[in-house]
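The values are calculated or read from the model by the stated rules, or taken from the named source; none is laboratory data. Treat the numbers as computed from the prediction; the structure is a model and nothing was measured. Cβ placement follows ideal geometry from the backbone for every residue including glycine, while neighbour counts extend to all protein chains displayed.
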Amino acid sequence: MKGLFISFEGIDGCGKSTQINLLAKYFAGQKRPFVKTEEPGGTAGSNEIRKMLLKENNFQWSVETETLLFMAARNDHVEKVIKPAIKENKIVICDRFMDSTLVYQGMRSDKAKILSLSLFKLIGTYPDITFLIDMDPEIALNRALSRKTDEDRFENYGINFQYKLRKKFLDIAKKNNKRIKIIDGNQRPETITSQIIENINGLVQ
Ligand SMILES: Nc1ncnc2c1ncn2[C@@H]1O[C@H](COP(=O)(O)OP(=O)(O)O)[C@@H](O)[C@H]1O
Ligand SMILES: [Mg+2]
């Protein structure tokens, strides 16, 4: 079987990590080699960048510079983890990828959006399939806040911001409806997982 690149997107607390773990369990049961990774991060170098970007009250960069830092992290991640794994015919499961940059930075600046789109083209590695876990931001935010981490910069923007993010994710999904599958996150975790697996099986057959 050939390699496959799967990304998960959606607002904080929608259930990405939960679904990624359930999917990983499924692939492990199937004895299907996979790599679980995340953005920003996934390599030592891009984790350094992640730490800088997600620190609370770190607003020293313009949104365009922030985008370039995310893209630098992504390039390192693609070169060192994603591309080699696909080449070895593994499944790559990635927690957030290009669509998050388009949403989080793109919504703040057209220039940031253009910068990221141009750099995506140059990097040249797109997910085969993306799952957008869509759900009511009110529920998702409560879920996210109940998990205490020190990487709260984006989560602390509040509920209105989460509604904007949701809309932006849905807009991008509609524009890329071949690649991005919208999954209703307000269902039991196992139900969501089986819908995800159904979509993946449809792709590999
Ligand atoms: N389908 C679901 N139904 C109810 N609670 C869920 C569901 N999926 C995830 N959760 C819970 O919501 C919280 C956030 O989920 P998580 O997977 O960490 O979201 P994300 O990675 O998208 O931020 C966790 O405490 C998780 O256990
Ligand atoms: Mg998560």
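Within segment 23-39, the presence of at least one residue that is part of a strand (DSSP E or B), more than 21 Å from residue 115 (Cβ to Cβ) and more than 16 Å from ligand 2 (Cβ to nearest atom) is confirmed. Considering segment 1-58, and only residues there that are among the basic types (Lys, Arg) and in contact with a strand residue (DSSP E or B) (Cβ under 7 Å, 6 or more places away or on another chain), the residue that is farthest from ligand 1 (Cβ to nearest atom) turns out to be 32. Any chance you could count how many residues in segment 34-50 are under 18 Å from residue 193 (Cα atoms), touching a Lys or Arg at 6+ places or on another chain (Cβ under 7 Å) and of a type outside the set (Val, Ile, Thr)? Of the residues in segment 34-50, 1 are under 18 Å from residue 193 (Cα atoms), touching a Lys or Arg at 6+ places or on another chain (Cβ under 7 Å) and of a type outside the set (Val, Ile, Thr).
Search segment 1-58 for residues being among the basic types (Lys, Arg) and free of Cβ contacts under 8 Å to residues at least 40 places away in the same chain, and hand back the single one that is nearest to residue 81 (Cα to Cα). Only one residue fits best here, namely 50. Residues in segment 132-155 that are modelled with pLDDT of 90 or more and more than 13 Å from ligand 2 (Cβ to nearest atom): 132, 134, 135, 136, 137, 138, 139.
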